[in-house]
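**Student:** Structure below; questions to follow.
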Amino acid sequence: MANETDTERQLLQHQIRLTQADHTLKALFSRDSDRAARLTFEAPHLTADFSKQHIDSSSLSVLLRLAEEKNLQQAISNLFAGQQVNNTEQRAALHMALRGHIPSAAPEVAEEIKRTQQQMADFVNAVHNGAWLGQDGGAITNIVNIGIGGSDLGPAMVTAALQDYLNPGITCHFVSNVDPAQIDSALAGLTPESTLFIIVSKSFGTLETMQNAERAMAWFKAHGGSKQHISRHFVAVTTNLPAAVSFGISEDNVFPMWDWVGGRYSLWSAAGIAIALATSWQTFVDLLAGAAAMDQHFLNQPLEENVPVIAGLLSVWYRNYWQAESQAILPYSQPLHLLPSHLQQLDMESLGKQVTRDGVSVQQDTGAIIWGCAGTNGQHSFHQLLHQGTSLIPAEFIAIACPASADRWEPHQHLLANCFAQSRALMTGKSTEEVEAEMLAAGASTEEIKRLAAHKVVPGNRPSTTLLLGRLTPQSLGSLLAYYEAKVFVQSAIWQINAFDQWGVELGKQLSRPIASRLLTERNSATRATTSENSATLDPSTEQL
Ligand code: F6P
């Protein structure tokens, strides 16, 4: 690290110390009977066990000093006060206002939020109680949410996570990809009379969403949907009212969004209306309440007991001092199977930055690659690399203590046992001596032991956090998601980068336009001559493709 400070130098020294043989995770536990309790922290609706991480009191206190030197507490206060933390777009990030924390710098948002949430509640209740009916006077039974990125990932993930809270009369489908295979399969078997489309796009200009919205409208009309009933079957969530109206959506059916909610934080806004439609308005309110509780923890808890702060500092620790390039998110909960995808956007779109807020090149690595899937499935696929691969990959396990219903009790114990066994296996590994003794006891010959022992050794000493939720409820889910948002913010504050813009994404959008116009006109040979100018601008590889 260039121009490192005294604190950064100390962190490097701690990292070296903690890689010594007498400082393995097992050794740290054996010397400190209180370690598990001391490195376990409570936050609303969740308990975080950091004791299987490569930290001890002294290294943690230097990490906390780093946080002080980078003015983390002030950064958190600025965020919650509604200051323009998104300095490249001159915007505040006020998603916490949607869950009740009205910032001092923007008291006017309270009224807008109240009005919008009332509009959402009225609409959701009308669909559920039959006041809002389809064109034939029948109930709406299918919702198709059309959006991409934050206008899809968050709502889809939460709807899947709350499978035990679903309204039995409604099925929710999520369509994001511009590949028509997705919308075509979502629409197969649906009828326009009982289907409601929600077009969710903050900009109302995203190519994928516009293509799918047009395909949905064409399908609606081609399958007997009448023009005068479009208003019963199409609603929009956007900041761009004129574009939604010119697409054909009635002004009364447009739910507002605001510049101060980033796409990846938008599930808490009207962009999350599919969640409430798929479950109930009260469920959505409970989700917001859970997130609000975590917000208060993040804002008020001293840094040394602040769960997202410690988690964020650990991510910095591994990224910058242990050269960990990725982090695995392993929810041992099938309903949370879309969480890793949601967190990929939240974390990687926020932290994939190479310059500081002032536009100066960063001096250290920033965001890690986030990946994972629901356990136990991952155990039968990529966990091999976690256990015996050559990379250090910190893992974050999410376990739910109680099953959703009593009849799931037994398989749920297996689920938990596997979750706890994985973090334990990552830590303890299996030594050469253990492998040899085990093989000997199983009757293996000396020759066989010699041939196979090295393959069976598992190095262990691999770090993980376990987050334990009592139950998977709207409240605990809200808290968990707010925890991840806060954890991302902590990293951005330490690295002094803007977590709320995403300029890199724009390049792909820009470059796809001329290629699309080439592909769309190429079919017609008469137009080739006019596109030759375009072809000159393409590189030879793209041209041949
Ligand atoms: O592609 C990046 C992005 O801007 C995301 O941040 C956002 O969630 C997504 O596109 C969708 O944008 P919109 O809601 O404007 O359609």
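**Student:** Which count do you get for residues in segment 264-284 that are within 11 Å of Gly147 (Cβ to Cβ), of a type in the set (A, V, I, L, M, F, W, C) and within 13 Å of the ligand (Cβ to nearest atom)?
**Tutor:** The number of residues fulfilling the criteria is 2.
**Student:** Please state which one of Ala444, Ala493, Ala454 is open to solvent by 80 Å² or more (accessible area, probe 1.4 Å) and at pLDDT 95 or above. Reasoning before the result, please.
**Tutor:** Numbers: Ala444 fails: open to solvent by 80 Å² or more (accessible area, probe 1.4 Å); Ala493 fails: open to solvent by 80 Å² or more (accessible area, probe 1.4 Å).
Only one candidate qualifies: Ala454.
**Student:** Ile329: in contact with a strand residue (DSSP E or B) (Cβ under 7 Å, 6 or more places away or on another chain) and assigned to a loop (DSSP other than H, G, I, E, B), yes or no? Even if it seems obvious, please write down each step before you answer.
**Tutor:** Values: in contact with a strand residue (DSSP E or B) (Cβ under 7 Å, 6 or more places away or on another chain): yes; assigned to a loop (DSSP other than H, G, I, E, B): no.
So Ile329 does not fit the description; no.
**Student:** Is it the case that Leu299 is away from the ligand (no atom under 14 Å from the Cβ) and either buried (at least 24 other Cβ atoms within 10 Å of the Cβ) or more than 23 Å from Met157 (Cα to Cα) (or both)?
**Tutor:** Details: away from the ligand (no atom under 14 Å from the Cβ): yes; either buried (at least 24 other Cβ atoms within 10 Å of the Cβ) or more than 23 Å from Met157 (Cα to Cα) (or both): yes.
Yes.
**Student:** Determine whether segment 84-100 contains at least one residue that is within 30 Å of Asn461 (Cβ to Cβ) and open to solvent by 70 Å² or more (accessible area, probe 1.4 Å).
**Tutor:** Initially, segment 84-100 is screened for residues within 30 Å of Asn461 (Cβ to Cβ), giving none.
No - not one qualifying residue is present in segment 84-100.
**Student:** It is to be established whether one or more residues within segment 104-123 are open to solvent by less than 50 Å² (accessible area, probe 1.4 Å) and at pLDDT below 95.
**Tutor:** yes
**Student:** Sticking with this structure for a sec: Filtering segment 177-206 down to residues that are within 16 Å of the ligand (Cβ to nearest atom) and among the hydrophobic types (A, V, I, L, M, F, W, C), which residue is most open to solvent (accessible area, probe 1.4 Å)?
**Tutor:** Step by step, filter segment 177-206, then rank; the result is Val178.
To keep it simple, each residue is scored yes or no on (1) of a type in the set (A, V, I, L, M, F, W, C); (2) closer than 16 Å to Ala486 by Cα; (3) in contact (Cβ under 8 Å) with a residue 24 or more places away in the chain.
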{"residue": "Arg319", "(1), (2), (3)": "no, no, yes"}
{"residue": "Ala324", "(1), (2), (3)": "yes, no, yes"}
{"residue": "Leu330", "(1), (2), (3)": "yes, no, yes"}
{"residue": "Met348", "(1), (2), (3)": "yes, yes, no"}
{"residue": "Leu351", "(1), (2), (3)": "yes, yes, yes"}
{"residue": "Val360", "(1), (2), (3)": "yes, no, no"}
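For every residue, the table says whether it meets (1) away from the ligand (no atom under 16 Å from the Cβ); (2) closer than 25 Å to Ser405 by Cβ; (3) open to solvent by 40 Å² or more (accessible area, probe 1.4 Å).
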site: His128; (1), (2), (3): yes, yes, yes
site: Ala139; (1), (2), (3): yes, no, yes
site: Gly154; (1), (2), (3): no, no, no
site: Ala160; (1), (2), (3): yes, yes, no
site: Ile170; (1), (2), (3): yes, yes, no
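**Student:** Could you list, ordered by first residue, the pairs with Cβ atoms under 6 Å in which the first is in segment 196-216 and closer than 10 Å to Val175 by Cβ and the second is of a type in the set (Val, Ile, Thr) and within 6 Å of the ligand (Cβ to nearest atom), at least 6 apart or interchain?
**Tutor:** Cβ pairs passing all conditions: Glu208/Ile148; Thr209/Ile148.
**Student:** Out of all the residues in segment 44-81, which are open to solvent by 10 Å² or more (accessible area, probe 1.4 Å), over 27 Å from Thr5 (Cα atoms) and either touching a Lys or Arg at 6+ places or on another chain (Cβ under 8 Å) or outside any helix (DSSP H, G or I) (or both)?
**Tutor:** If the condition is that a residue be open to solvent by 10 Å² or more (accessible area, probe 1.4 Å), over 27 Å from Thr5 (Cα atoms) and either touching a Lys or Arg at 6+ places or on another chain (Cβ under 8 Å) or outside any helix (DSSP H, G or I) (or both), then Pro44, His45, Thr47, Asp49, Lys52 are the ones that fit.
**Student:** A follow-up question, please. State the number of residues belonging to segment 274-289 that are surrounded by fewer than 24 Cβ atoms within 10 Å (Cβ to Cβ) and assigned to a helix (DSSP H, G or I).
**Tutor:** Of the residues in segment 274-289, the ones surrounded by fewer than 24 Cβ atoms within 10 Å (Cβ to Cβ) are 280-283, 285-286, 288-289.
Checking the rest, the ones that are also assigned to a helix (DSSP H, G or I) come to 281-283, 285-286, 288-289.
The total comes to 7.
**Student:** Oh, and also: Just give me the residues in segment 208-228 being modelled with pLDDT of 95 or more, surrounded by 13 or more Cβ atoms within 10 Å (Cβ to Cβ) and not charged (D, E, K, R), in sequence order.
**Tutor:** Of everything in segment 208-228, those that are modelled with pLDDT of 95 or more, surrounded by 13 or more Cβ atoms within 10 Å (Cβ to Cβ) and not charged (D, E, K, R) turn out to be Thr209, Met210, Gln211, Asn212, Ala213, Ala216, Met217, Trp219, Phe220, His223.
Here is a yes/no grid of residues against (1) more than 30 Å from Gln510 (Cβ to Cβ); (2) touching a strand residue (DSSP E or B) at 6+ places or on another chain (Cβ under 6 Å); (3) among the polar types (S, T, N, Q):
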{"site": "Ala186", "(1), (2), (3)": "no, yes, no"}
{"site": "Leu190", "(1), (2), (3)": "yes, yes, no"}
{"site": "Glu208", "(1), (2), (3)": "no, no, no"}
{"site": "Ala216", "(1), (2), (3)": "no, yes, no"}
{"site": "Phe220", "(1), (2), (3)": "yes, no, no"}
{"site": "Ser231", "(1), (2), (3)": "yes, no, yes"}
{"site": "Val237", "(1), (2), (3)": "no, yes, no"}
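**Student:** Under the condition of being in contact (Cβ under 8 Å) with a residue 40 or more places away in the chain and away from the ligand (no atom under 16 Å from the Cβ), which residue from segment 217-235 is farthest from Gly150 (Cα to Cα)?
**Tutor:** Checked segment 217-235; the qualifying residue farthest from Gly150 (Cα to Cα) is Ser226.
**Student:** Do you know which of the residues in segment 320-340 that are over 18 Å from Ala399 (Cα atoms) and hydroxyl-bearing (Ser, Thr, Tyr) is surrounded by the most Cβ atoms within 10 Å (Cβ to Cβ)? Quick ask: steps written out before the conclusion?
**Tutor:** Filtering segment 320-340 for residues over 18 Å from Ala399 (Cα atoms) gives 320-326.
If we keep only those that are hydroxyl-bearing (Ser, Thr, Tyr) as well, we get 321, 326.
Working: Tyr321: 21, Ser326: 16.
Filtering segment 320-340 for residues that are over 18 Å from Ala399 (Cα atoms) and hydroxyl-bearing (Ser, Thr, Tyr), the one surrounded by the most Cβ atoms within 10 Å (Cβ to Cβ) comes out as Tyr321.
**Student:** Follow-up question, since we're still on this one. Pairs under 9 Å by beta carbon, first residue under 20 Å from Val355 (Cβ atoms) in segment 502-513, partner among the basic types (Lys, Arg) and within 12 Å of the ligand (Cβ to nearest atom), six or more apart or different chains?
**Tutor:** Within 9 Å, the pairs are Gln502/Arg264.
**Student:** Can you tell me which residue among His455, His412, His387 is within 24 Å of Asn320 (Cα to Cα) and in a helix (DSSP H, G or I)? Don't jump to the end; show me each part of the working.
**Tutor:** Details: His455 fails: within 24 Å of Asn320 (Cα to Cα); His412 fails: within 24 Å of Asn320 (Cα to Cα).
Of His455, His412, His387, the one residue that is within 24 Å of Asn320 (Cα to Cα) and in a helix (DSSP H, G or I) is His387.
**Student:** Here's another thing I want to ask about it. Taking segment 521-542 as the region of interest, how many residues are modelled with pLDDT of 90 or more and open to solvent by 80 Å² or more (accessible area, probe 1.4 Å)?
**Tutor:** The qualifying residues number 1.
The values are calculated or read from the model by the stated rules, or taken from the named source; none is laboratory data. Model, not experiment: these values are computed from the prediction. Neighbour counts run over all protein chains shown; Cβ positions are idealised from the backbone, glycine included. With ligands, DNA and RNA removed, areas are computed over all heavy atoms of the protein, side chains included. Shrake-Rupley method; radii C 1.70, N 1.55, O 1.52, S 1.80 Å.
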